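To start, the structure under review is shown below, and the notes come after it.
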Amino acid sequence: MTTYTLHLAKEARPGDPAALEEAEIVKDGFSWGAFFFTFLWFFFHRLWLVGIGVFLTLFALNLALDLLDVHPAARFLAQLLLQVLIGLEAGSLRRWTYERRGRPAVDVVTASRRDEAEARSFARWLQRPAAPRVPVSPPSPALRPLAGTEPVIGLFPDAERPR
């Protein structure tokens, strides 16, 4: 079973079917597309900053290997390890980009296939009741720290008091 995350806009209300029109499902696991196509995979998914970062990383690695005159077998191994890292982190980088664009993960689903994960997460989203808006009030004066007190650092505040 694979874990998938559902990403929706911040202003999406639970139970609203219109919010699912632009939903994104992201697989948490190794991405073969990102492994083989590296930065092109990121550009295909419209992850421009990450794609440029991956391209520059690949370019810097090849430049460093050229300058150090690395043996071809070691060069192949270094490039392979970087591509494995890209394949492992592609889903996390995709989630990070969606979070940065204001589309946080609102649900996590475990499924064997992407379409099954999509069906489960959409069903769970539509079954949620709309959360009532609660006005935010400032904290009460009793919860504010006293003036002149220092924060406690450590697990034993009694041992830190002057004698």
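Tabulated results
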| item | result |
| --- | --- |
| Isotropic mean projected area of the C-alpha convex hull, segment 2-128 (nm²) | 8.2 nm² |
| ³J(HN,Hα), Karplus 6.51/-1.76/1.60, whole Hz, each residue of segment 46-62, x for Gly, Pro | 6, 9, 5, 5, 5, x, 5, x, 5, 4, 5, 5, 4, 5, 5, 4, 5 |
| Charge-dipole axis of segment 2-128 as Lys and Arg at +1 and Asp and Glu at -1 on Cβ define it, positive-most pick from 17, 42, 111 | 17 |
| Listed residue (8, 88, 51) projecting farthest to the positive dipole end of segment 2-128, Cβ model | 8 |
| Segment 38-62 residues near the modelled residue 79 label - backbone nitrogen below 20 Å, point 7 Å along Cα→Cβ | 38-43, 51-62 |
| Hz values of 3J(HN,Hα) by residue in segment 98-106 - Karplus curve (6.51, -1.76, 1.60), Gly and Pro given as x | 5, 4, 5, 7, x, 10, x, 6, 10 |
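Computed from the coordinates by the stated procedures, all read-outs in this text should not be read as laboratory data. Owing to the predicted nature of the structure, the values given are computational and were not obtained by experimental measurement. We place every Cβ from the backbone using ideal geometry, glycine too, and count neighbours over all the protein chains shown.
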